[in-house]
Amino acid sequence: MHIPHVKNQKVSVLFVCLGNICRSPAAEGIMKKLVTDNHLEESVFVDSAGTSGWHEGELPDNRMRMHGQRRGYDFCSLSRKFRYDDFELFDYIIVMDDDNYWNVKKLAKTEGDVAKIYRMTDFSDKFSHHQVPDPYYGGASGFELVMDLLEDACGNLLNKIKSNFE
Ligand code: 4NP
């Protein structure tokens, strides 16, 4: 997979799902903790957004927050909708599933925009999943699977970003 080469420069990462209340805010919270633990706050900027505006301004879903808290995370971002400007602001736009991929790609204007779109599962090596499944209409095991996939993928993503700093 092509990862842009960055030296002495701030890297920005945007996670995207449908509602921006379950998967992408969890990815944001997990990634932010990794960035802090690695003292990279000055080098890596992390945010999240949803392709729908259905939950704009809301905190993450209580179930997602609870599953995060159990692993030591505080998911507290407010939902916002993905917008075209995000292609200009972010280096990595990382989507959770195929629907997110196509909805983000529809807004791309240039090949450079499209090249910034990645799938979260591209960074996972412990799982063979092609998507991070939407947990919204399911039970606790769906939220745990989201946490497992995101922890694996975010760890690998940060390692890739760090290797580009070296
Ligand atoms: P997310 O999950 O895309 O991971 O935030 C969902 C949140 C809300 C809805 C669907 C999925 N919804 O239908 O409102």
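The values are calculated or read from the model by the stated rules, or taken from the named source; none is laboratory data. Keep in mind it's a predicted model, so treat the numbers as computed, not measured. Note: ideal-geometry Cβ built from the backbone for every residue, glycine included; neighbour counts use all protein chains shown. Quick note on the areas: whole protein, heavy atoms, side chains included, nothing else; ligands and nucleic acids left out. Shrake-Rupley method; radii C 1.70, N 1.55, O 1.52, S 1.80 Å.
Brief remarks follow.
- Of the residues screened, G50 is not one that is open to solvent by less than 30 Å² (accessible area, probe 1.4 Å) and in contact with a Phe, Trp or Tyr (Cβ under 6 Å, 6 or more places away or on another chain).
- Residue match in the range 152-164 (condition: basic (K, R), open to solvent by 70 Å² or more (accessible area, probe 1.4 Å) and assigned to a loop (DSSP other than H, G, I, E, B)): no
- For the range 53-72, a residue qualifies if it is away from the ligand (no atom under 15 Å from the Cβ), without any contact (Cβ under 8 Å) to a residue 60 or more places away in the chain and either surrounded by 19 or more Cβ atoms within 10 Å (Cβ to Cβ) or basic (K, R) (or both), and exactly one does: R70.
- For L107, the test of being within 13 Å of the ligand (Cβ to nearest atom) and open to solvent by 50 Å² or more (accessible area, probe 1.4 Å) is failed.
- Of all the residues in the range 125-141, those that are open to solvent by less than 40 Å² (accessible area, probe 1.4 Å) and away from the ligand (no atom under 16 Å from the Cβ) number 0.
- R83 being surrounded by fewer than 20 Cβ atoms within 10 Å (Cβ to Cβ), more than 13 Å from the ligand (Cβ to nearest atom) and modelled with pLDDT of 95 or more: yes
- Filtering the range 21-34 to residues that are crowded, with 21+ Cβ neighbours inside 10 Å and within 15 Å of Y92 (Cβ to Cβ) leaves S24, A27, E28, I30, M31, K32.
- Listed by first and then second residue, the pairs linking a residue in the range 126-137 that is among the basic types (K, R) to a residue that is open to solvent by less than 60 Å² (accessible area, probe 1.4 Å), with Cβ atoms under 7 Å apart and 6 or more places separating them unless they lie on different chains, are K126/D152.
- L18, sole failed condition from (1) closer than 19 Å to M120 by Cα; (2) more than 11 Å from the ligand (Cβ to nearest atom); (3) open to solvent by 10 Å² or more (accessible area, probe 1.4 Å): (2)
- With a requirement of 3 or more residues that are closer than 16 Å to E151 by Cβ, the helices (runs of 4 or more DSSP H) lying completely within the range 15-132 that satisfy it span 23-37, 62-69.
- Count of the range 86-104 residues which are of a type in the set (S, T, Y) and either open to solvent by less than 20 Å² (accessible area, probe 1.4 Å) or within 12 Å of the ligand (Cβ to nearest atom) (or both): 1
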